[in-house]
Amino acid sequence: MAVRTLFHFHRSIPLHMRMRATLLLLFFCVSDVHGQQLEVQETVNAVLGKNITLSCRIQMGPDLSLTQSSWERRLPSGIVTLAVFNPEFGISIATEYEKRLVYQSPSANDATIVLEDVGFADSGVYTCKVVTFPLGNSQSSTIVSVMVEPKVYVSAGSEALLDGGGETTVATCTAERGRPPAEVSWESELFGRSEVHRQDEPNGTTTSQARYLWTPNRHAQGRTLTCVVRHPALQTEFRIPYSLNIQFAPEVILTGYDGNWFVGRENVKLQCQVNANPPASSVTWSRIGGQIPEGAEAVNNSLVFTLPLERNDSGTYMCEAKNDLGKGSRETQIQIQEPPPTTILPTTSGSISADSSASMLPDKRSPKFSPPTLASLTDSSLGTIVGGAVGGVLFLVLLLVLGGVCYMRQRRTFRGDYYTKQYLGPADMQKESQLDVLQPHELREVYSDGSGKGSEQDLKPKPMGDHVIYDYPSTPLSGVEDKDREEWDDNAKNSLRVQREEDYIPDRHSPHSMHLRSSPMHTPAVKNGSPYLPEDCYDNGTDSDYVSHLDGSVISRREWYV
């Protein structure tokens, strides 16, 4: 439709002009359908002395064919062709670039070149041109910038860093001859400041410097500053550490004295620790108001006492160190104390022979006490041991006293037995000697008339130890006594045991026994045929109602047998 309108609009134009316009219109239509595209970088940063790659990629249509590709450079004097690639005739490179320019991978789709050893003169605009059939020429340009990688280094200040001095330049970080100018800075934990200076060079480069200013202090000795450089030609930031070297006069510290130096102590020493930059050239020991004691030697900045300590070793000792910047010293007061109470006097020999008396002179510094082998025992531990021993002895004495008291009280306690009516007593009391127990035939002799028949009026004494049993007519008893008699009648052995208990009374209580024997006894008739001693024998008289104990006390006889 556009073609028809165009032709109608140009009817007055000659025929040959109309034919040319038609061909041109067809050309643009084909270009729209079968056009090509070039891919290049807009800008390329090159590093001085390094290689640079200029890429040019061609996107060809299916109906196009490459005639040739080339690279041109625009100079003030005009346009210069650097290289040409023709699929039929090959590669052609300008004479001045033969040694520095090459095609990377020449083809119908790639016209990329590599320029080696780039210099400042290589900066400018480079154009990639492509000729195809039937479209013709196509081109695209790239701007090349040549950068210079800076030379980075750190240098110390012109003056030494002296402790206590004024503000001075500690170090300078330099990025030399960079293009474009480098960015330089310092990183530090100190309270200093940084100054940056730039200087343009004749070849178009720039030198950048950063100075670090600070007031030196000995406490920052050995710390580190860091120089940081950033530049487009560097893949990463450049970091250079710098250690501080601060000079100061000697600083002295004395160690070794623990406040427990006593007479006789051995293997002690004073140590002189010197901190100086530059190092101390000399270290000397002295004693204020006197000479160094005999046996004290200076070894590796230490004063070693080779002999046991004496009382006169007390005093003020001083260590002094010197270097090129000055000197430093430190004093310490030493007090030799009395030996601990745990030390033991040394054993002395009885006599010295006359022959050896001349050669064996007494040592003026020999210790008056042996080394404190027991000094490790503190007063608290010794007191604990002594207290424990005394406590143990007192505890044993207390146990012995308590045991003696218990033993004496046991001996004074009454050894009689309180028998109940049904209690038979222990086995040893049941098995009595035949002399103390009334046998059945003896009882028959007491209560019988000789013919085997009992007679209540006959009195037949029978020896029973110290007692004589009499036979009297029975008399009426009270109700309480009858009840007791019935209970005693249940067990004839208990009545015999009563008789035996009377036999065990000591001799000093014999009046009661004698009074008992003088009283008459009434023997009632035994219903079960087992005679027993009546209880009336204990009720005759006032003294017979009580029984004396070994501890001097008395108890009622009736309460005793309840």
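Listed here are the residues, each with its yes/no results for (1) at negative phi; (2) surrounded by 14 or more Cβ atoms within 10 Å (Cβ to Cβ); (3) modelled with pLDDT under 50.
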site: Cys272; (1), (2), (3): yes, yes, no
site: Ala280; (1), (2), (3): yes, yes, no
site: Gly289; (1), (2), (3): no, no, no
site: Glu297; (1), (2), (3): yes, no, no
site: Phe305; (1), (2), (3): yes, yes, no
site: Gln337; (1), (2), (3): yes, yes, no
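Of the residues in region 40-67, how many are under 30 Å from Gly178 (Cβ atoms) and part of a loop (DSSP other than H, G, I, E, B)?
Residues flagged as under 30 Å from Gly178 (Cβ atoms) and part of a loop (DSSP other than H, G, I, E, B) within region 40-67 amount to 7.
Scan region 281-325 residue by residue and report those that are assigned to a loop (DSSP other than H, G, I, E, B), under 29 Å from Gly222 (Cα atoms) and either more than 38 Å from the chain's Cα centre (by Cα) or among the β-branched types (Val, Ile, Thr) (or both).
Narrowing region 281-325 to residues assigned to a loop (DSSP other than H, G, I, E, B): 281, 289, 291-295, 300-301, 306-310, 314, 324-325.
Filter once more, so that each one left must be under 29 Å from Gly222 (Cα atoms): 281, 300-301, 324-325.
Passing the criteria: Ser281, Asp324, Leu325.
Is at least one residue of region 93-105 of a type in the set (D, E, K, R), part of a loop (DSSP other than H, G, I, E, B) and touching an Asp or Glu at 6+ places or on another chain (Cβ under 9 Å)? Steps first, please.
Taking region 93-105 as the starting set, the residues that turn out to be of a type in the set (D, E, K, R) are 96, 98-100.
Among the residues that remain, those that are also part of a loop (DSSP other than H, G, I, E, B) are: 98-100.
Then drop every residue that is not touching an Asp or Glu at 6+ places or on another chain (Cβ under 9 Å), which leaves 99-100.
Checked against the condition, which is being of a type in the set (D, E, K, R), part of a loop (DSSP other than H, G, I, E, B) and touching an Asp or Glu at 6+ places or on another chain (Cβ under 9 Å), region 93-105 yields at least one hit.
Restricting to region 141-165, count the residues that are more than 45 Å from the chain's Cα centre (by Cα) and surrounded by 18 or more Cβ atoms within 10 Å (Cβ to Cβ).
Total satisfying the criteria: 8.
Part of a strand (DSSP E or B) and within 13 Å of Leu54 (Cβ to Cβ): does that describe Ser155?
Numbers: part of a strand (DSSP E or B): yes; within 13 Å of Leu54 (Cβ to Cβ): no.
No.
Please go through region 230-268 and pick out each residue that is touching a Pro at 6+ places or on another chain (Cβ under 7 Å) and either surrounded by 16 or more Cβ atoms within 10 Å (Cβ to Cβ) or modelled with pLDDT of 95 or more (or both).
Answer for region 230-268, where residues must be touching a Pro at 6+ places or on another chain (Cβ under 7 Å) and either surrounded by 16 or more Cβ atoms within 10 Å (Cβ to Cβ) or modelled with pLDDT of 95 or more (or both): His231, Ile246, Gln247, Phe262, Val263, Gly264, Arg265.
Select the strands (runs of 3 or more DSSP E) contained entirely in region 197-263, then report the ones holding at least 1 residues which are over 30 Å from Trp285 (Cβ atoms) and in contact (Cβ under 8 Å) with a residue 60 or more places away in the chain.
224-230, 238-243
If you go through region 124-150, how many residues are in a strand (DSSP E or B), over 28 Å from Glu88 (Cβ atoms) and not hydroxyl-bearing (Ser, Thr, Tyr)?
So in region 124-150, the residues in a strand (DSSP E or B) come out as 124-133, 136-148.
Checking the rest, the ones that are also over 28 Å from Glu88 (Cβ atoms) come to 124-125, 143-148.
Cutting the leftovers down to not hydroxyl-bearing (Ser, Thr, Tyr) gives us 124-125, 143-144, 146-148.
Result for region 124-150: 7.
Checking Ala121 against (1) assigned to a strand (DSSP E or B); (2) over 30 Å from Asn245 (Cβ atoms): exactly one of these is not met. Which one?
(1) is the only condition that Ala121 fails.
Is it the case that region 168-179 has a residue that's of a type in the set (S, T, N, Q) and touching an Asp or Glu at 6+ places or on another chain (Cβ under 9 Å)?
Taking region 168-179 first, the residues of a type in the set (S, T, N, Q) are 168-169, 172, 174.
Those left that are additionally touching an Asp or Glu at 6+ places or on another chain (Cβ under 9 Å): 168-169.
The answer is yes; a qualifying residue exists.
Among the residues of region 49-74, write down those that are surrounded by 16 or more Cβ atoms within 10 Å (Cβ to Cβ), closer than 13 Å to Ala111 by Cα and at pLDDT 90 or above.
Correct list: Leu54, Ser55, Cys56, Gln68, Ser69, Ser70, Trp71, Glu72.
Can you tell me how many residues within region 26-48 are more than 60 Å from the chain's Cα centre (by Cα), modelled with pLDDT of 85 or more and either among the small types (Gly, Ala, Ser) or within 17 Å of Asn137 (Cα to Cα) (or both)?
Here is the first cut: in region 26-48, the ones more than 60 Å from the chain's Cα centre (by Cα) are 26-44.
Checking the rest, the ones that are also modelled with pLDDT of 85 or more come to 38-44.
If we keep only those that are either among the small types (Gly, Ala, Ser) or within 17 Å of Asn137 (Cα to Cα) (or both) as well, we get 38-40.
The total comes to 3.
Against the conditions (1) modelled with pLDDT under 95; (2) under 30 Å from Asn203 (Cβ atoms), where does Asp163 fall short? Just the number, please.
Every listed condition holds for Asp163 apart from (2).
The values are calculated or read from the model by the stated rules, or taken from the named source; none is laboratory data. In this text, all values refer to a predicted model and were calculated from it rather than measured experimentally. Cβ atoms come from the backbone with ideal geometry, glycine included; neighbour counts cover every protein chain shown.
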